[in-house]
1. Given the condition within 30 Å of Gln128 (Cα to Cα), loosely packed, with under 14 Cβ neighbours inside 10 Å and free of Cβ contacts under 8 Å to residues at least 60 places away in the same chain, answer yes or no: does some residue in the stretch 87-97 qualify?
2. Looking at Phe112, Phe122, Phe59, which one is of a type in the set (Phe, Trp, Tyr), under 22 Å from Val141 (Cβ atoms), surrounded by 11 or more Cβ atoms within 10 Å (Cβ to Cβ) and in contact (Cβ under 8 Å) with a residue 12 or more places away in the chain?
3. Here is a list of conditions, (1) over 17 Å from Leu173 (Cα atoms); (2) touching a residue at least 24 places away in the same chain (Cβ under 8 Å); (3) of a type outside the set (Lys, Arg), and Ile131 meets all of them except one; can you say which number that is?
4. Please indicate, with yes or no, whether at least one residue in the stretch 134-142 is closer than 25 Å to Tyr45 by Cβ, free of Cβ contacts under 8 Å to residues at least 60 places away in the same chain and exposed (fewer than 11 other Cβ atoms within 10 Å of the Cβ).
5. Which ones in the stretch 103-140 are more than 17 Å from Phe9 (Cα to Cα), more than 12 Å from the chain's Cα centre (by Cα) and either outside any helix (DSSP H, G or I) or among the aromatic types (Phe, Trp, Tyr) (or both)?
6. Evaluate the stretch 38-48: report whether one residue or more is over 22 Å from Met89 (Cβ atoms) and surrounded by 15 or more Cβ atoms within 10 Å (Cβ to Cβ).
7. Would you please name the residue that is farthest from Val144 (Cα to Cα), looking only at residues in the stretch 12-27 that are of a type in the set (A, V, I, L, M, F, W, C) and exposed (fewer than 12 other Cβ atoms within 10 Å of the Cβ)?
8. Could you please let me know if Leu167 is buried (at least 16 other Cβ atoms within 10 Å of the Cβ), of a type in the set (A, V, I, L, M, F, W, C), within 23 Å of Ala14 (Cβ to Cβ) and in contact (Cβ under 8 Å) with a residue 60 or more places away in the chain?
Amino acid sequence: MLFALLFFFVPLHALFNATSVITSTIGVVFWSVFGVLFVWTTILYIGLFRRPDLIAKLFLLLFKLPFLRKWHSNIATFSETMINASKEMSKKSIGFWAKAFGTTALSWSSRFLVVNALFLAFTPFNNQLIIFGRQLLLWIVMVVSPTPGGSGISEFTFKEYYNDISLGSGPILIITLIWRLISYYLYLLLGVLIIPRWIKNLSQK
């Protein structure tokens, strides 16, 4: 939904930056991944908020096919869980969903706006909406990255994707490094520090 709103305010050519083969490929990958995510989200929406029984029946019918049958028991469990979750969600108030939406939007927007803050430190480029929109697009593309967390690929793609904003090679490398440190590698470091202690406490209990 957020992307649909962005398309009203940001021209497609500015959002996708097709200035090289790599950045042109980003557009193809984005629309492919976005299409799959849109279909899956629609299925989950119907399954959780509208007709969980219908989606459950469709899943169970689909996974009776010979090449999918080995996952039928897992899908049966998934369908039952989805129906139970739908019953629980139907009891939630509008206030609950408003808080959930607001919290989610704030947390994810804060994560994307890190890039805006970094660019503001190096350039007076005034169309911050383009930078924000490209960050949303890039995160969707990273969903299909073949490396863990998009390591390596994300850094290179980020540098190429924002290459039409005049900064010079030095500042864009600094922005890329800080962006990845804040958005990914910091979480890995925290995991290394916290998880061993958590496992130790769990084993003692």
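1. Going residue by residue through the stretch 87-97, those that are within 30 Å of Gln128 (Cα to Cα) are 97.
Going one step further and asking which of them are loosely packed, with under 14 Cβ neighbours inside 10 Å, we end up with 97.
Filter once more, so that each one left must be free of Cβ contacts under 8 Å to residues at least 60 places away in the same chain: 97.
Within the stretch 87-97, one or more residues are within 30 Å of Gln128 (Cα to Cα), loosely packed, with under 14 Cβ neighbours inside 10 Å and free of Cβ contacts under 8 Å to residues at least 60 places away in the same chain.
2. Values: Phe122 fails: under 22 Å from Val141 (Cβ atoms); Phe59 fails: under 22 Å from Val141 (Cβ atoms).
Just one listed residue meets the conditions, Phe112.
3. The one condition Ile131 does not meet is (1).
4. no
5. The answer is Phe119, Ala121, Phe122, Thr123, Pro124.
6. Let us first name the residues in the stretch 38-48 that are over 22 Å from Met89 (Cβ atoms), namely none.
No, the stretch 38-48 has no match at all.
7. Residues of the stretch 12-27 that are of a type in the set (A, V, I, L, M, F, W, C), as a first pass: 12, 14-16, 18, 21-22, 26.
Checking the rest, the ones that are also exposed (fewer than 12 other Cβ atoms within 10 Å of the Cβ) come to 12, 21.
Working: Leu12: 22, Val21: 18 Å.
Of everything passing the filter in the stretch 12-27, Leu12 is farthest from Val144 (Cα to Cα).
8. Working: buried (at least 16 other Cβ atoms within 10 Å of the Cβ): yes; of a type in the set (A, V, I, L, M, F, W, C): yes; within 23 Å of Ala14 (Cβ to Cβ): yes; in contact (Cβ under 8 Å) with a residue 60 or more places away in the chain: no.
Considered against the rule, which asks whether it is buried (at least 16 other Cβ atoms within 10 Å of the Cβ), of a type in the set (A, V, I, L, M, F, W, C), within 23 Å of Ala14 (Cβ to Cβ) and in contact (Cβ under 8 Å) with a residue 60 or more places away in the chain, Leu167 comes out as no.
Bear in mind these aren't lab numbers, they're just calculated from the coordinates by the rules spelled out. All figures in this text were calculated on a predicted structure; none of them were measured in a lab. Reconstructed Cβ throughout: ideal geometry from the backbone, glycine too, with neighbour counts over all protein chains shown.
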